[in-house]
Amino acid sequence: MKIKSNLVKFTAAAALTITGLGVANATNSNSTAHQVAAATTKVKINYVPGYGINIWDNYNNPSFTGNRIKHGEVVDVISSAIDAKGKTWYEIGENQWIQARYTVDANDDNVAKKASRMVGKNVTSSSKQAAKVVNLANAEVGKAYAWGGNTPNGFDCSGLAQYVFSKAAGKEISRTTYSQIKQGKTVSLKNLKPGDLLFWGSASSPYHVGIYVGDNQYVHAATPAQGVVKDSISSYFYPSVAKRVLN
């Protein structure tokens, strides 16, 4: 294992291989949490480009180990677990656990295929509200990132979405990704329209949101270093859920 700048790259983690579908349950001090051993598989970290996810010492009452894994790295999963809150965790080494919601299957080519199908003509929205949302979102590109920010002085991802929809379309949406994903209706990532919200992470616990502006692009408050930027949807950072909050 090599550690550089507090980020860990795994190339050959110890693996527990199990033939067939058998699993072994192991209870811990919290009876509602459980761990299962599984055939070794590889997952890719799918967080925010340039940043990493935390590695924890266990999945139940976890403590941060001080190490992280960068977005895009591939790691071996040697077992999985569900904690007392119903969240799935992956064991990637001795006393090393990561949250499953920040990963995608490293061997699944469907992610890349989905992204390639999305590239095409710009979708012209017939909705005046959607057009205003797109125009204002594009106008905010270049603004600073600010934790908890929801004004042009600085945005975080959900603050940008809330501000744009309120100012451009008079549509009041909630403040956080956790509540924003519960609004509107879920739409296919293959049939996006300008003004749709894109989420990364699980449907119950998203960690990032952006505004789709057409032509396979979205605007989002990315990171403190990047600020508000326009990016293209790609297999490198593919969203997990899309919601349509405009009628």
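What follows is calculated from the coordinates using simple rules that are stated; it is not laboratory data. No experiment lies behind these values; they were computed from the predicted model shown. Glycine also receives a Cβ, built like all others from the backbone with ideal geometry; neighbour counts cover every protein chain displayed.
Structure above, values below:
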{"quantity": "Translational diffusion of the stretch 141-190, µm² s⁻¹ [Kirkwood Rh, Cα pairs; Stokes-Einstein; 37 °C; 0.692 mPa s]", "calculated": "285"}
{"quantity": "Net length gained if the chain between Asp105 and Lys167 were fully extended (0.36 nm per residue, minus Cα distance)", "calculated": "18.5 nm"}
{"quantity": "Extension gain, Ala139 back to Arg175 (0.36 nm per residue minus Cα-Cα distance, nm)", "calculated": "10.9 nm"}
{"quantity": "Net +/- balance of residues flanking Gln180 in space, Cβ distance below 15 Å, scoring K and R +1, D and E -1", "calculated": "+3"}
{"quantity": "Computed FRET value (nearest 0.05) for Trp147 with Thr41, which takes r as the C-beta separation and R₀ as 30 Å", "calculated": "0.30"}
{"quantity": "Extension reserve of the Thr223-Asn191 stretch, reckoned as 0.36 nm per residue once the Cα distance is removed", "calculated": "8.8 nm"}
{"quantity": "Links that overshoot a 27 Å alpha carbon limit, given the list Lys44/Lys190; Lys87/Lys193; Lys85/Lys230; Lys70/Lys132", "calculated": "Lys87/Lys193; Lys85/Lys230; Lys70/Lys132"}
{"quantity": "Global form of the stretch 134-247, assessed from the alpha-carbon gyration tensor, a/c cut-off 1.5", "calculated": "rounded"}
